Amino acid sequence: MKPPKKYQFIIELGKALHIYGIPSYKIQSYLSKVAKQQGIKGVFMDLPTWINYTFYDDENSYNYVECIPPGYLNLGALSRIDEVTNKVIENNDDGFSLKEELDLIHIKTKKINHFVLTLAYTFASGAFSLMIGTNWISFGFSLLLGALVYFMVYLSTRSSYLETVLESLVSFVITVLACLIYLVFPDFNVGISILSAIIIFIPGLAITTALEEITSKSLVSGGAKLFDSLISLFKQFFGALLGVTLMSSFINFQLLNHTSEMPNWIMFCAIPIFSITLLPIFQVRRKDMLLGVLTGVTGFFLTVAFSNYGILISTFIGTIAVVTISKLFSKITKSPKTVYLIQGIIMLVPGSKSFMGLSNSFLKSSIINTTNLFEQVAFILMGIIGGLIFAGVFRQPSN
């Protein structure tokens, strides 16, 4: 049964926001604000696999439920959708007449430049290995492994089976290749290169977003997304563990062989490079690229600057700075602050440390010599969530 015409735009708007990976509490705020502006009474509930719309008209009510697969974060689409939403809110446009603009947004997101994405995965892997501290041999092979990862991602779009096993398969293949490379190049950093190649898959941002939703009282959605993120992390670690176990039965290699010969200035230059590689992956619009990178780099360097006060305090300060900068840039560009906020937060999230913590527990050897990894992960998460709370992110009814 087709929903009434006056509700169609709100339904399509909610579906679009869900598809592009916007947190549930933000979706509900968007929809409530648009409905109020149009004089429509409604209550909305967004969950990972479905959306429930309830509209009230005098003494009658209309309920509409739509099942939707979990979305994937697309900051460019979010920015464009925000412009469509503002047309409704500020100009009081006829909502359902803007459905065509949402359709155009969907079409634009399907245009994928595989060459650019290959470069993004390649240099994301290389830049992350530099950020950790590595040598030239490991850096070079990290670039090649990163390109291979995107090739496997591309193949997964052609096969439903590969899409299902992608995280585990990528981790397994990369681990096997890294161990073989070590046989030829003994100075090759096996563990760091594995981590660098799959860093895009590690769900640090997803875990943080899930905790955001739980903190904002979206308990069902947040709990489901948190569990999904942890399962994704374990799938990746399973692939790596399977690869290590298999290769150790045939050859001798060192998973932990951390040799670094990079000067500090190269390691710091890798930070903006890594932030730049995220732009095509999240399909950030050109007008938001420079300020997005600046947000991420500033947040990261502030966290490093205050590292003497401990990881909890430094992450808290970095998060406060990212939120403040995001609000400022949002006012300048009229883009939603979430576009900049996510690019800043992703530079602080603890996905890589979560993976290294699992390595320490199961393999009795962390990829990098670091103690209390799980404690550090917890402190980073608390610092980020605490910063978001004190910055007033969760009380904001928009963007």
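For this structure, a couple of remarks:
- Compared with the alpha-carbon gap, the fully stretched path from Glu100 to Trp136 is longer by 7.9 nm at 0.36 nm per residue.
- Normalised by the number of residues in the chain, the mean separation of alpha-carbon contacts (under 8 Å, six or more apart) gives a relative contact order of 17 percent.
- Residue-span extension gain [His114 to Tyr309] - 0.36 nm each, minus C-alpha spacing: 65.9 nm
- In the elastic network of the chain, a GNM with C-alpha springs shorter than 10 Å, the most mobile of Phe115, Phe123, Phe55 is Phe115.
- Cα gyration tensor category, rounded, prolate or oblate, for segment 210-302 with a/c compared to 1.5: oblate
- Whole-percent carbon and sulfur share, accessible surface of the chain, 1.4 Å: 63 percent
- Placing dummy labels 7 Å off each Cα toward the beta-carbon, the span from Leu290 to Lys87 is 2.7 nm.
- The stretch between Ser249 and Ser159, if pulled fully straight at 0.36 nm per residue, gains 29.3 nm over its current Cα-Cα span.
- Between Lys41 and Phe234, the modelled labels are 4.5 nm apart [label points 7 Å from Cα along Cα→Cβ].
- Gaussian network model of the chain, springs between alpha carbon atoms under 10 Å - residue of Gln254, Gln28, Gln343 with greatest fluctuation: Gln254
- Kirkwood Rh, Cα atoms: Rg over Rh of the chain: 0.99
The values are calculated or read from the model by the stated rules, or taken from the named source; none is laboratory data. All values derive from a computational prediction rather than experimental measurement. For neighbour counting, all protein chains shown are included, and Cβ atoms are generated from backbone atoms with ideal geometry for every residue, glycine included. The accessibility values were calculated without ligands, DNA or RNA, using every heavy atom of the protein model including side chains. Shrake-Rupley method; radii C 1.70, N 1.55, O 1.52, S 1.80 Å.
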